[in-house]
Amino acid sequence: MIKKFFTIITVLLFALMVLPLLRQIAPFEELAPVAAAYAEQGPDQLGAANLVTSVIVTYRGLDTLGEVTVLFIATAGVGFLLRRDEEDQLPGDGVPRETPREASELLGSGSMLLFPLLMLFGVYIFLHGHLTPGGGFQGGVVIASAMLLLMLARVSFHLNHLIISLVESLSGFFYVAIGVLGLILAAGFLDNRILPLGEFGTLLSAGAIPIIYSLVGLKVGTELTNVLGTMRLTRTQQEEDV
Amino acid sequence: MSLVSFIGFALILVGLWGMLTRKNIIRIIIGFSIIDTGIHLVMVSIGYLPGRTAPIINSAVDKAQAASQIVDPIPSALVLTAIVIGLAITALMLTYAVRMYRERTSLNIDDYKELKW
């Protein structure tokens, strides 16, 4: 009872704290100076139609590199914490396990139909990140969801960890390599003008942005697939793997 | 104060309430995710300008006058980053929950007293 009282007090105090903030949020009439500069110069400077993408990939490219790094470390942490030592005794060990049930007809056929479409859609999203809403992170998540569907539908499906880690490491490496190329060939780290800007609004425009976003998409897709694969491993499969 | 920012703050409070009152670790993590979503809504609502369109230059937006026709692209970019980080953190927390369950066969936070004072 007393604990509940303190909880209510805490939440009320927090509400009191954010209330002035809530009142002060008035709709702006004009863009903030930085945003206005991005909107005025962005399209001509970087050639990307999607201004959010030009902020994420180029103007704030270093932040995005940090974001990808955080995602990578989290993935590594998931894999590290869920690994299994041989002497580990888990609750339920030694209990005979039922053989996993095969997926139903609906799930099986549905995944066969949807998997290629989802893969294609994911690639489309990250290739068109500079033109339409979307980009590497969104496309990568769609690809990971396609892989999740495959894992749900096929009990015996095994991830090929060699390919996954190869794609992940190479895309991360080339992301940084393109950033360094920007230092040498253009104005700074992760500058997209190492390639010609092309015609505004077409697929092959905005310099290196489509390439960077494709690499990010591949990296995010493989990383999340890895997380899903690690979390999915059943006891029997882990024993087989060890 | 817009409706979206109000809903965002309400979600933050709901999530805080959930984190403080629930005993199950999974539910605490869900409370964290609700706070996360609330913060994203507040951030997006800050960048919204009434009557304007998405920050993408296409047939709906004139390239020369883009600054007066689009909403702020920076909060959108920030929220995109925040969503990805939030996802990573949630995955890591769930992994901790799995790991804790392996050690003690319990997801009740009251069974973990080591950090309690």
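Key figures for this structure:
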read-out: Relative contact order, percent, segment B:32-117 [alpha-carbon distance under 8 Å, six or more residues apart]; value: 27 percent
read-out: Dimensionless Rg/Rh of segment A:140-242 - Kirkwood Rh, Rg from C-alpha atoms; value: 1.14
read-out: Sequence-distant residues sharing a close amide H with A:ASN50 (under 5 Å, placed H); value: A:LEU131, B:ILE57
read-out: Over 35 Å [Cα-Cα, the protein assembly as shown], rounded percent; value: 36 percent
read-out: Nearest 10 degrees, 0 to 90: helix B:25-46 Cα axis against chain B principal axis; value: 20 degrees
read-out: Estimated [θ] at 222 nm from DSSP helical runs (n ≥ 4, -39500 (n - 2.57)) normalised by residues in chain A, nearest 500; value: -22000 deg cm²/dmol
read-out: Förster radius 22 Å - calculated FRET efficiency between A:ARG101 and A:HIS158 (Cβ-Cβ, nearest 0.05); value: 0.80
read-out: Proximal lysines relative to B:LYS116, as straight alpha-carbon distance under 30 Å, when same-chain residues fewer than 8 apart are discounted; value: A:LYS3, A:LYS4, B:LYS23
read-out: Vicinal HN-Hα couplings computed from phi for segment B:71-76 (Karplus, 6.51 cos²θ - 1.76 cosθ + 1.60; Hz; Gly/Pro x); value: 7, 5, x, 6, x, 4
read-out: Point-charge dipole on Cβ atoms (K/R +1, D/E -1) for chain B, about Cα centre, debye to 20; value: 320 debye
read-out: Contact order normalised by residue count of segment B:1-60, Cα under 8 Å, 6+ apart, percent; value: 40 percent
read-out: C-alpha long axis of helix A:209-232 to longest principal axis of chain A, angle in °; value: 20 degrees
read-out: Alpha carbon convex hull of chain B, projected area averaged over orientations, nm²; value: 9.4 nm²
read-out: In order through segment A:101-111: 3J(HN,Hα) via Karplus (6.51 cos²θ - 1.76 cosθ + 1.60), integer Hz, x for Gly, Pro; value: 6, 5, 5, 5, 4, 4, 5, x, 5, x, 5
read-out: Relative contact order for segment A:141-193, counting Cα pairs under 8 Å that sit 6 or more residues apart, in percent; value: 17 percent
read-out: Residues whose placed amide H lies under 5 Å from that of B:ILE70, excluding near-sequence neighbours; value: B:THR53
read-out: Highest-MSF residue in chain A out of A:ALA15, A:ALA177, A:ALA206 [GNM, Cα springs under 10 Å]; value: A:ALA15
read-out: Cα long-axis angle, helix B:3-21 against chain B (0 to 90 degrees, to the nearest 10); value: 10 degrees
read-out: Chain A: most fluctuating residue of A:ILE143, A:ILE209, A:ILE73 per GNM, C-alpha cutoff 10 Å; value: A:ILE73
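Taken together, the values in this text are just the output of simple stated rules run on the coordinates, not laboratory data. Owing to the predicted nature of the structure, the values given are computational and were not obtained by experimental measurement. Virtual Cβ from ideal backbone geometry, glycine too; neighbours counted across all protein chains shown.
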